Amino acid sequence: MRYLLLLLALMTLEASEPNTVNNRLSTADGALSFELPQGWLTREMPGMKNYLAFGAPAQGFAPNINIVDEQAKMTLEQYQAACLAGMTKIMPDFKLAENAEFVTAAGVSGRRLVVTNTQGQIALRQVFFLLSGRDPIKFVVTCSALAADGETHDLEFDAAAQSILIK
C-alpha cells in the first residue's frame, strides 16, 4: 500500500507539470521552450507565471533556470541596457563579468550576460540569456548557481540556451 501511494503521488507530480513535454520546459503560453538539463526537475513556484527548472541541490542551494517574459516596446539592445541599469540598482554588489552575443541552434540571436551578485546571504553567479519574441515580447532566461561553484553549471546552462525555440 505504501508503494502504491508513493506511485500515485509521483504520477500526480508528473501530471502537475503541464509545461514539460519531451523534456522541454515551455512558458505558460508556449512561446518559448528549452530542453531541460539531464536529471533536472520542474516546479511551479507561487507568484511566478512560468515553471522553474531545478538541478540537484548542494550546499543548501539548487541551481535553477527560470523564464520571464514581458512586453517591452524597444530593441533588444535597449532592453539589455534597461536590464543592466535595473540590476545595478537592485543588486548592490552587482558585477558584470561577460556581455556577449549568442545564437541558438535554431538561429535565434540574443545576448548572454554573466553576472555575480548577492541575494539575501547567498552569493550567486547568474547567466542571463536575453531574447526577442514576437514584438513587443522580450524573454529573460535566468540561470542561477552558487558563486562558489564558478563555471561548473555553464555547460548545462549553455546547452539549455542552445536548445531554445521561440514560436
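In table form, for the structure just shown:
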| item | result |
| --- | --- |
| Accessible surface, per residue, of segment 23-167 when the full set of protein chains is kept, probe 1.4 Å, Å² | 51 |
| Proximal aspartates and glutamates relative to residue 95, as straight alpha-carbon distance under 16 Å, when same-chain residues fewer than 8 apart are discounted | 151 |
| Value of [θ]222 nm, deg cm²/dmol, for the chain, DSSP H segments ≥ 4, -39500 (n - 2.57) each, nearest 500 | -7000 deg cm²/dmol |
| Value of Rg/Rh across segment 28-94 [Cα atoms, Kirkwood radius] | 1.02 |
| Partners for residue 89 among lysines (Cα-Cα distance below 29 Å; same-chain residues under 8 apart left out) | 49, 73, 138 |
| Per-residue ³J(HN,Hα) for segment 131-143, Karplus 6.51 cos²θ - 1.76 cosθ + 1.60, θ = phi - 60°, Hz, x for Gly and Pro | 9, 9, x, 5, 3, x, 6, 10, 10, 10, 9, 9, 10 |
| Cross-link partners of residue 167 among aspartates and glutamates (Cα-Cα below 14 Å; sequence separation of 8 or more within a chain) | 29, 69, 135 |
| Whole-percent carbon and sulfur share, accessible surface of the chain, 1.4 Å | 58 |
| Dipole in debye (nearest 20) - the chain, about Cα centre, beta carbon charges: Lys, Arg +1; Asp, Glu -1 | 300 |
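The values are calculated or read from the model by the stated rules, or taken from the named source; none is laboratory data. This is a predicted model, so every value here is computed, not measured. Ideal geometry is used to build each Cβ from the backbone, glycine not excepted, and the neighbour counts take in all protein chains shown. For accessibility, only protein heavy atoms count, side chains too; no ligands or nucleic acids. Shrake-Rupley method; radii C 1.70, N 1.55, O 1.52, S 1.80 Å.
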